[in-house]
Amino acid sequence: MLVTLCLNLAANESTPQKVFTLSKELKIFEPYLGKWQAEFPPSASGEKVTDVSEWHRALNGKAVRTLHSINNGAYGGESLIFWDKNKQQIVFYYFTTADFMTTGYIEVLADNRFAAYEDVSGESSVSQGISKVRSVSTLSSDAITVETSYLKNGEWTAPQRRVYHPTQNDVIFK
């Protein structure tokens, strides 16, 4: 039995690894898979703000899982993005460490660009009256640029721009 196990392990090491891909509806996200980091403008208190995110293939390529943490877990969230056959669109659920969540859908604008539209559920000190979020993400050869606006107390904020670059840093939750 042990000899068979060792032979199987040796055979697997010499066999090329299968490339795992995403379903055709989620192909746009393949270049996003990996780890990314952005430095935000300092907070009102002058604190440096760093966001680390990870994009992973999930559920046999039927979903994309994203994780992110700001300032080593001071705030964080996790999303599951998937193709909804009934709605015929890409949808997602985003859960946070701050007692609120969002649900939304994604509109593919180009091979390297998509818009996300979110409805916020729950209230916390982080959400502060925000009821909707819209963002546009654009992937270039070495960065993801995200422009985000918030519907806060009935008015849309000016877009905030953040640029994420590849990183080796991990998402941290406390």
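A few remarks follow.
- Here is how the number arises for the chain: DSSP H runs of 4 or more residues each give -39500 (n - 2.57), the sum is divided by the residue count, and the result at 222 nm is -2500 deg cm²/dmol.
- The calculated FRET efficiency for the pair Lys27 and Glu147, based on their C-beta separation and a Förster distance of 35 Å, comes to about 0.95.
- Cut-off 19 Å, label 7 Å out along Cα→Cβ of Ile172, residues of the range 48-72 by amide N: 48-55, 67-72
- When Leu151, Leu26, Leu33, Leu59 are sorted by how many other C-beta atoms sit within 10 angstrom of their C-beta, beginning with the fewest, the order is Leu59, Leu33, Leu151, Leu26.
- Extension reserve of the Ala74-Ser131 stretch, reckoned as 0.36 nm per residue once the Cα distance is removed: 18.3 nm
- Prolate/oblate/rounded label for the range 82-174 (Cα gyration tensor, a/c 1.5): rounded
- Dipole check for the range 51-174: with +1 at the C-beta of Lys and Arg, -1 at the C-beta of Asp and Glu, and the Cα centre as origin, the magnitude is about 200 Debye.
- Cross-link partners for Lys35 among the lysines, with Cα-Cα distance under 23 Å and sequence neighbours closer than 8 places in the same chain left out: Lys18, Lys24, Lys27, Lys48, Lys62, Lys174.
- As computed over the chain, the Cα convex hull volume per residue (Å³): 173
No value in this document is a laboratory result; all are computed from the given coordinates. What you see is a predicted model; the values in this text were computed from it and never measured. Note that we place each Cβ from the backbone using ideal geometry, even for glycine, and neighbour counts take in every protein chain shown.
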